[in-house]
1. Lys/Arg Cβ at +1, Asp/Glu Cβ at -1, dipole of region 6-339 taken about the Cα centre: which of Cys214, Val9, Pro244 is farthest positive-ward?
2. Long-range amide H contacts for Ala272: which residues qualify at under 5 Å (H placed 1.01 Å from N, peptide plane, sequence gap of 5 or more or a different chain)?
3. What list of ³J(HN,Hα) couplings, whole Hz, do you get for region 111-126 from phi and the Karplus terms 6.51, -1.76, 1.60, once you set θ to phi - 60° and write x for glycine and proline?
4. Considering the options Pro141, Gly38, Ala179, tell which one lies farthest towards the positive end of the dipole of the chain, charges being +1 on Lys and Arg and -1 on Asp and Glu at the Cβ, about the Cα centre.
5. As an exercise, use a Förster radius of 30 Å and the Cβ-Cβ distance of Lys105 and Asn252 to find the FRET efficiency, rounded to the nearest 0.05.
6. With θ set to phi - 60° and the Karplus curve 6.51 cos²θ - 1.76 cosθ + 1.60, what are the ³J(HN,Hα) couplings of region 88-97 in order, to the nearest whole Hz, using x for Gly and Pro?
7. Looking at region 309-349, which chymotrypsin sites (Phe, Trp or Tyr not before Pro) are in a loop (DSSP not H, G, I, E or B) and have at most 14 other Cβ atoms within 10 Å?
8. In debye, nearest 20: dipole of region 1-123 around its Cα centre with unit charges on the Cβ of K, R (+) and D, E (-)?
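Laboratory data are not the source of any read-out in this text; all were calculated from the coordinates shown. Just so it is clear, the model here is predicted, and its values are computed rather than measured. When we count neighbours, we look across all protein chains shown, and the Cβ atoms used for this are built from the backbone with ideal geometry, even at glycine.
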Amino acid sequence: MTVATEEHVRRLPKVELHCHIEGASRAGTIKELAQANGVTFPVDDPADLYHFTDLNQFLDIYAVVCASLQTADDFHRITYECLEDAVEAGVRYREMFFSPGFVIKLGVPVSTVWAGVSAAVIDARADLDIGCRMILDFDKPSGGGHALEMADFAGAQDRDLLIGMGADSVERVDHRPFAAAYESAGRHGLKRTMHAGEDGPSDNIALAVREFGCERVDHGFRLLDDPELTAEIIDRRIPLTVCPTSNVMIANVVPDVASHPYARQRELGVLATLNSDDPGMMRFDVADEYAAVVGAFDYSLEEMEQISLDGITACWAPDDEKAALRSRFEAEFDQLRSSYGLPARNGAG
């Protein structure tokens, strides 16, 4: 096994499957948009905006971000910028969340949000070395009616741009009213996922995959609390989009990355991918996340390369696109190894 240096793993090509455009926004951009849209910006220096110690404080700051986003151009800007930042972190393909429920409450129609987001995805595909598709995340506390409305809106969009539906925000709500929304999403041919088992129990994970037809689970921190469910997730190869540092910084469910169940999940055979969640607000992107797990779990280079490839396996891109990504990643792995004076992978992975 080859030692994985922090510098090397930061440069690995990556797929990212759990990242929110609102939480990936640059603080300086939010200050400019807040001023342009007549929104009170709570700090003088944008560098001080993203300071929080728990989920409630995080959501308060998130509310400031959302209040500052009012036009299609605003959403275009934050989406395009966060894809620029993703390229810098080595991301070659991303499936990214947007959460219109937060701004709908402030009077911004979902059509305005989508006009800006979708145009930015198209522009980024043309301008940047990154592919992207979007997932519409409905706001759980807004209830089943809102969820169904979002599913029907998402279902009417171009599936090459809007590929799936998810559900975010707090878990301490009754999830069963979302069944109709997930059924509608399935009828529309949308892929389905849900934030579950982050600050809530493993029962929410079970509900997502057994009753809502979810093909991925976001976070899944509590999965190992239920050995039977864990075995099912492994057997069905249902991916988790894990965000260890977010679980430390936002959810506060573990004191540090080394205490996170990510390594145990993978050891058991869970298809657990590695993601940043809210890189702008946490000031910690997916390249930082790769470096963090190397330090926490002493992973080898081969293990980190496999984590990178597992992102391709777990993504919802068409099979031909996934095959092309895999070939590209394997070529880049060997190029990086050569640049560090290391032997090629010999067809591993």
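1. Cys214
2. Those qualifying (amide H under 5 Å, at least 5 residues apart or on another chain) are Leu240.
3. 5, 5, 4, 5, 4, x, 5, 5, 5, 5, 4, 4, 5, 5, 4, 6
4. Checking the options against the dipole of the chain, the answer is Ala179.
5. Working: r = 26 Å, r/R0 = 0.86.
The formula returns an efficiency of 0.70 here.
6. Values, residue by residue: 5, 8, x, 6, 9, 8, 9, 10, 10, 8 Hz.
7. Tyr340
8. Values: 9 positive and 18 negative charges, 73 e Å.
Around 340 debye, computed over region 1-123.
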